[in-house]
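The values are calculated or read from the model by the stated rules, or taken from the named source; none is laboratory data. Bear in mind the structure is a predicted one, so any value in this text is a computation, not a measurement. Cβ placement follows ideal geometry from the backbone for every residue including glycine, while neighbour counts extend to all protein chains displayed. Note: accessible area is taken over every heavy atom of the protein model, side chains too, but ligands, DNA and RNA are not part of it. Shrake-Rupley method; radii C 1.70, N 1.55, O 1.52, S 1.80 Å.
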Amino acid sequence: MAVTIPAYAKLNLTLDVLGRRADGYHDLKMVMQSVSLADRVTLERTGGEGISVRTNLGFLPCDQRNLAWMAASAFGRGTGKAVDGLAITIEKQIPVCAGTAGGSSDAAAVLRGLNDLYQTGLTPAELAELGAQVGSDVPYCVAGGTALAEGRGERLTPLPGLPVCWLVLCKPSFSVSTPELFHAADAARLRCHPDTDGVVRALEQGDLPALARRMYNVFEDVLPPPRIGEIRTVKNVLLGHGALGACMSGTGPTVFGLFQRREEAESAFSCLRERYAETFLTCPVERWTGA
Ligand code: C5P
């Protein structure tokens with residue numbers, strides 16, 4: 001018995017840090033969007049023992065540190081099912097440590113897949129609750145699509161989907177530590193905040209240019225200066241090829257541009273691909289409704 005589930009990458013159309021909480025996490029307000037760049041997660045009941053994880057990237061941990069492994073374990077605890085002899089195979093396409101929720105999306109795919117495999121009939125909201133035990137982005141990744149995420153990231157409000165458009169993703173080669181970036185945001189006086197309510201209104205009106213103009217991520221302001229420079233360079237290439245807007249996703253370093261015209265997205269993609277191996281041309285993916 002096996003199931004294969006796509007695990008889509010996510011982008012932050014906006015990301016705002018509202019403040020540090022007593023539990024050490026931060027209250028956030030952000031608009032999230034799934035895109036067609038995806039890992040493939042296959043779950044198989046082998047009849048053996050324990051949970052095993054394999055991926056096509058040799059440097060990824062395959063034990064309890066892997067979010068997919070944690071999700072299977074959380075599913076077992078939450079449902080009382082003995083998740084034993086489970087083989088998880090992840091074919092990675094989404095860049096690792098890139099601000100695009102690759103690991104969280106794999107974990108969410110494991111929860112959806114196990115719900116099928118064990119016929120547990122959990123709703124997307126119940127799966128999201130299990131996902132919150134694994135990581136802050138996992139609840140969103142269970143259903144994906146276009147959503148407002150608040151609180152730690154687990155308070156989700158579905159939003160109308162994006163009008164037809166293309167998104168070019170480009171990951172510069174440096175990596176960013178998530179806790180360090182939150183720390184830098186605490187220490188800094190954030191001067192700019194995204195107009196998230198304006199983005200929600202633009203989505204309701206299907207107004208892509210109004211949405212693109214308002215995309216912003218507060219973490220762009222607190223990166224070390226050389227990194228800010230590289231993010232700006234990529235943004236300028238995207239905008240120079242006709243992107244309506246460009247923004248960093250999550251804690252970075254992936255930058256994306258939003259395009260109304262496919263030809264312009266293709267030309268930005270070809271240009272950036274020459275310099276950055278991890279460049280992708282994608283389109284938005286709608287919310288999974290559990291059907
Ligand atoms: O929840 P997750 O394990 O993905 O979070 C990774 C780290 O990001 C946390 O340890 C914390 O430092 C930071 N974080 C935060 N506030 C959030 C989400 C994440 O401070 N809402």
Odd one out for residue 4 among (1) surrounded by fewer than 18 Cβ atoms within 10 Å (Cβ to Cβ); (2) farther than 21 Å from residue 142 by Cβ: (2)
Out of 16, 39, 23, sole residue that is open to solvent by 10 Å² or more (accessible area, probe 1.4 Å), under 30 Å from residue 160 (Cα atoms) and either within 14 Å of the ligand (Cβ to nearest atom) or acidic (Asp, Glu) (or both): 16
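Every residue, every condition in (1) out of contact with any Cys (no Cβ under 9 Å at 6 or more places or on another chain); (2) free of Cβ contacts under 8 Å to residues at least 24 places away in the same chain; (3) part of a loop (DSSP other than H, G, I, E, B); (4) among the hydrophobic types (A, V, I, L, M, F, W, C), yes or no:
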{"residue": "3", "(1), (2), (3), (4)": "yes, no, no, yes"}
{"residue": "16", "(1), (2), (3), (4)": "yes, no, no, no"}
{"residue": "30", "(1), (2), (3), (4)": "yes, no, no, yes"}
{"residue": "41", "(1), (2), (3), (4)": "yes, no, no, yes"}
{"residue": "62", "(1), (2), (3), (4)": "yes, yes, yes, yes"}
{"residue": "72", "(1), (2), (3), (4)": "yes, no, no, yes"}
{"residue": "75", "(1), (2), (3), (4)": "yes, no, no, yes"}
{"residue": "81", "(1), (2), (3), (4)": "yes, no, yes, no"}
Qualifying positions in region 249-291 - part of a loop (DSSP other than H, G, I, E, B) and within 22 Å of residue 232 (Cβ to Cβ): 249, 250, 251, 252, 253, 254, 276, 277, 278
Selected residue (criterion: nearest to residue 193 (Cα to Cα)) from residues of region 229-248 that are among the hydrophobic types (A, V, I, L, M, F, W, C), under 21 Å from the mean Cα position of the chain (by Cα) and assigned to a helix (DSSP H, G or I): 231
Residue match in region 233-256 (condition: away from the ligand (no atom under 16 Å from the Cβ), open to solvent by 50 Å² or more (accessible area, probe 1.4 Å), basic (Lys, Arg) and modelled with pLDDT of 95 or more): no
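Any chance region 141-156 includes a residue that's over 15 Å from residue 26 (Cβ atoms), within 16 Å of the chain's Cα centre (by Cα) and open to solvent by 50 Å² or more (accessible area, probe 1.4 Å)? Can you show your working first?
Narrowing region 141-156 to residues over 15 Å from residue 26 (Cβ atoms): 141-148, 156.
Narrowing further to those that are within 16 Å of the chain's Cα centre (by Cα): 141-148, 156.
Those left that are additionally open to solvent by 50 Å² or more (accessible area, probe 1.4 Å): 156.
Yes, because at least one residue in region 141-156 is over 15 Å from residue 26 (Cβ atoms), within 16 Å of the chain's Cα centre (by Cα) and open to solvent by 50 Å² or more (accessible area, probe 1.4 Å).
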Residues of region 87-135 that turn out to be among the polar types (S, T, N, Q), in contact with a strand residue (DSSP E or B) (Cβ under 8 Å, 6 or more places away or on another chain) and open to solvent by 20 Å² or more (accessible area, probe 1.4 Å), as a count: 2
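Of the residues in region 101-158, how many are in a loop (DSSP other than H, G, I, E, B), away from the ligand (no atom under 11 Å from the Cβ) and touching a Ser or Thr at 6+ places or on another chain (Cβ under 8 Å)?
Our first condition is that a residue be in a loop (DSSP other than H, G, I, E, B); within region 101-158, this holds for 101, 118-123, 133-137, 144-145, 152-154.
With the extra rule that they be away from the ligand (no atom under 11 Å from the Cβ), the set shrinks to 118-123, 144-145.
From what's left, touching a Ser or Thr at 6+ places or on another chain (Cβ under 8 Å): 118, 120, 122, 144-145.
Number of matching residues: 5.
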Conditions (1) under 30 Å from residue 152 (Cβ atoms); (2) open to solvent by less than 10 Å² (accessible area, probe 1.4 Å); (3) hydroxyl-bearing (Ser, Thr, Tyr); number of the one not met by residue 279: (1)
